[in-house]
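Just so it is clear, none of the values below were taken in a lab; they were calculated from the coordinates. The shown structure was predicted, so the numbers you read here are calculated from the model rather than taken from an experiment. Positions of Cβ are backbone-derived with ideal geometry, glycine not excepted, and every protein chain shown enters the neighbour counts.
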Amino acid sequence: MSCVLMLSVSCILWGLGMNEVGWLIMVCAVALLVVMMDCPFNFYILKSEWLGVDEMSVLMVLLCLLVSMMSLVSSTKEVKNGFVVLMSGWSVVEMVMFICLGSVLFFSVCSWMDFFFFFEFSLVPTFFLILKWGYQPERLQAAVFMLLYTVGSSLPLLMSLIYFWSNIKSDNMLLSKMVGGWKDFNMNWPWLIMSLSFLVKLPVYGAHAWLPKAHVEAPLSGSMLLAGVLLKFGGYGLIRLMWFSEVTNSTIVLFVLVFSLWGGVLSSGVCSCQSDLKSLIAYSSIGHMALSLSVLLSFYSVGKMACVCVLYSHGICSPILFSLAANSYEFCQSRSIMLSKGISRIFPIISGVWFFFCILNMGFPPSLNFFSEVYSVGGLLSLQWLLGLMGGLMCLMTGAYCLILYSLVNHGVVSSMVFKPGLNLSYRYLVSSVFGGVLLLGGTLCLDMFFV
Amino acid sequence: MVAGVFNGGALVLEWELSEKLFVETSFCLVLDWISCLFSMSVLYISGCVCVFSGFYLSHDKFLEKFFVLLKLFVVSMVVLVLFPSYLGLMVGWDGLGVISFLLVIYYLSSCSLSSGMITVLSNRVGDVCFILAISLMSSSLSFGMWGESFVSGFVLGIFLMMGSMTKSAQVPFSAWLPEAMSAPTPVSSLVHSSTLVTAGVYVLIRFSAYLSEFEMYMLSISSMVTMLLAGSSACMESDLKKVVALSTLSQVGMMMFAISLGANVIAFFHLLVHAFFKALMFMCMGGVIYYSGSCQDSRFLGGVWNKLPFTSCLFLFSNFSLMGFPFFSGFYSKELIVGAALSLNVGLMAVVLFFMCLAFTISYSFRTLNLVMQDMSVFSLKFYSMENGYYLSSLLLMMNGAISTSLIMQSILKEFSTVSFVNPSVFYSVLLLLVMFFFNLVLLFNCLSKKSFMSLTKNFLKSMWFLSIISGNFISSKLLMMISSYIVYVEMGWIRAFIGSKVINSISMVFRNKIWEMNMNFFGVILFVFLSVFLILKVF
């Protein structure tokens, strides 16, 4: 196992001077996935001294690879058309693949320090993506905000991890838990401080200001990776932290649960009044992540399973919505809802795909999104009836803004900016959408794989 | 197998989806006489509607898209009927709501968009109630009733009832049904007469074991209020399709009333019979609208009796069925419901209101017939042509719906014939009192000349007891204004500007400079070096 890793890293380092190193990175990441594939349910296995797998890790690695593939397919315009903006020999493909590699390694390492390293590592290629390939001058402030929020809130995590490392004398996740090193610590306030970084990364409502800004200013592949993969870092980190540190259900945890759930309802409401398509989809991400966080913090086993399922299904559905929004950007050169509308008459297939993904986003059975939403509300209702009602209210507002999104883009008279002569539409967005749709609908038939 | 189904047997197939979740997540397909009969009638009516839409939308460019949507709708309805487990039900239920949205906004205009939004949002409220019901059941780890404590069983019944009430447009969720008439007429005749609004009734019939006394009581009150609302509003409505929609609303209220009495089989019988004659009524109306050049307002129409004889004949028959005229199709099922209402335990007020609703039905039916058929010489078209083959064949296929459906069904299935015993002296005296009361009411409204009272009554009745204004305009505008002001103050104000800009900027820029100034002068450097040497010496 380690020799596979050594081989991959050395290949990458050797290929760094060459042209097409991005695809090489992807091959190495897929090799990593293949090695990790066999693992039973609910056990955490150390495959080597660097890699530890359980089913959730496999699911997340799979998600990274799928989202990277979809984002590369959807942004082939930026790769092929001579629009390539090279930055000392690297193009968009390399940046995307660095994020992918960083994420794949993040989801598979088993020592806390490597975990933290890869947690911050994937921010660097994202930062460069936004700065170099974004479209507007506000991207500078957006990228800096993203860095400040995430790095600034992860400093307490670093300090606590170093403290625990020096106490337990080992930073291997499994070993420190089995030795029983975490049991002596009263994990209420320390838990909150440690998980602050994860809470900001999976944006909890109060600390979410960086996400809409970053989404609006990022190029398409950056947005897809941000929504599809990077937000899941927070959820994954929280699950691992809860698992290994044996934190119990206390007032602080309940406070975070209620805060995030109500924040989810508020951000779903805010979605209905947005005027920028990408910002609308960004606020919907906040709502979904809030639902997954609150059902995770209910400490039920169905809660953790539903959280992972929400992370996965949101991670496939949201990038495709972003690629459809980029599609409409392509023909109107504007993301405003006033200008990009009425495509139902001229592009009926794209309109059908918009509809399909809007209703998938709101949880249309029998897709994975539906099951994740239902069991999330179920977990919340088992805890307390009022939380379940809040979950139901969030489902209602999710339905409202998804249909508002559909009718804003598709209904009505064709906007005059769309109807230009000689307008051609490439089918790459359709390809990635069909791929994602098959995954989400067909996931019902193998629910056991996603309910980890 | 046919003999087995008739004798009360059923075929059940179950697909188990997940083993890890402690709840049973499975889709089970149930073929018993209820689901077979319902799916047969749904498929027959949708076939006739497809033929009809070949006539009605023959000039439309996106006809294939329309047919695809119709087929998807029929698939969702059949899934709802055949898969009555909770998870399978949600597939059909959500599918129905969402595809009916697409069908309502088929004509791309802003008023159809507003109708579509209110339709789908009312349906979404029902979806949320169902999701909460599924969550409640999953929290007690089973979909059966075995482990139910008192409170959660009661709440489960309330969620179920509210979900069905939104789909079947009972009060207070009735505003969407007349608005949904912005859809093309084939959509109305399939969706809003036989399939979408009856989905809620079907779910309640299947899961009627979950309803307790309190919920049945609430259901009977709400269904009676719906019947009164629909009946009184239809007497004032001038748009023909909305009149037919309101008649659907009152008939669905009657079905819900029957369920609240416990008479599930009778409600199901009325559901099937009503589907047939209402689809026929919508198709005749569609023909009239098409041949009048898409004019739906009855103030411009008239004289159809001479110009479209076949259509008006069938319209007359379906209206007679609706009124429960003896020995037409609607008579059998309506008589059974009236018998159930009289012989089961309901109060006197319920009987009075029920008969008032029947009287309203008769009055608006006659008013509609009068408006459509009598020649007022208002409309300029003197000549209608009825040569379209699709139209005639669809009408011919649906023709027996008005007349002989219930006779056929009653002769095939023994369950549909019941007997009820009524005390004749009580019955006839109450009937006489009611007739005199209604006569007095009609005289009052005719002889009253006070203008403000009449205009207030007209506004009240025309906007469905102000329900359509409250549900649509009022709620949505208040909510959106609240959200916008929330965005301005909290989202953009506190979160973005204050925390985002001020705090983070000041931490990173301002304080950094100040701390740099404080620490990096001469004494600061010496202190720093001294402290670090001291620490290193301490550690080693």
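Worth pointing out:
- Each of B:VAL120, B:LEU80, B:SER26 was placed along the dipole of chain B (beta-carbon charges, centred on the mean Cα), and the one lying farthest toward the positive end is B:VAL120.
- Residues B:ILE483, B:ILE408, sorted so that the one with the fewest Cβ neighbours within 10 Å comes first: B:ILE408, B:ILE483
- Positive-pole candidate from A:SER298, A:VAL109, A:LEU393, dipole of chain A, charges at beta carbon: A:LEU393
- Rounded to the nearest 10 degrees, the inclination of helix B:240-261 to the longest alpha-carbon principal axis of chain B is 80 degrees.
- Local charge for B:VAL79 was computed over the other residues whose Cβ lies under 13 Å away, with Lys and Arg +1 and Asp and Glu -1, and equals 0.
- Sequence-separation-based contact order of the range A:248-451, relative, with Cα cut under 8 Å and 6+ spacing, percent: 28
- Annotation: the residues B:CYS50, A:CYS358, A:CYS64, sorted from fewest to most other C-beta atoms within 10 Å of their own C-beta, follow the order B:CYS50, A:CYS358, A:CYS64.
- Given chain A, longest segment not containing exposed loop trypsin sites (Lys or Arg not before Pro) (DSSP; at most 13 other Cβ within 10 Å): A:184-452
- Ranking B:CYS295, B:MET181, A:ILE239 by how far each Cα lies toward the positive end of the dipole of the protein assembly as shown (charges on Cβ) leaves B:CYS295 at the top.
- Shielding by partners - mean other protein chain Cβ count within 10 Å, residues of A:393-404: 4
- Relative contact order of chain A, pairs being alpha-carbon contacts under 8 Å that are 6 or more residues apart, as %: 15
- Cα gyration tensor, the range A:238-326 - rounded (a/c under 1.5), prolate or oblate: oblate
- Rounded if a/c under 1.5, otherwise prolate or oblate - chain B, Cα gyration tensor axes: prolate
- Using a Förster distance of 25 Å, the FRET efficiency for A:GLN136-A:SER426 (Cβ separation, nearest 0.05): 0.60
- Cut-off 10 Å between beta-carbons: net charge of the residues surrounding B:SER26, Lys and Arg +1, Asp and Glu -1: -3
- Net charge of Cβ neighbours under 15 Å - reference A:ASN410; Lys, Arg +1; Asp, Glu -1: +3
- Evaluated with a Cβ-only charge set (Lys, Arg +1; Asp, Glu -1), the range A:232-360 carries a dipole of roughly 160 debye about its Cα centre, given to the nearest 20.
- Ranked list, fewest to most other Cβ atoms within 10 Å of each Cβ, for B:MET77, A:MET56: A:MET56, B:MET77
- Chain A: C-alpha gyration tensor shape, a/c 1.5 cut-off, then a/b vs b/c: oblate
- Between B:LYS61 and B:ILE469, the modelled labels are 3.9 nm apart [label points 7 Å from Cα along Cα→Cβ].
- Taking chain B and dividing mean pair separation by its residue count, relative contact order in percent (alpha carbons under 8 Å, at least six apart): 13
- In Hz, Karplus ³J(HN,Hα) per residue of the range B:220-235 (6.51, -1.76, 1.60; θ = phi - 60°; x = Gly, Pro): 5, 4, 5, 6, 5, 4, 4, 4, 5, 4, 5, x, 6, 6, 5, 6
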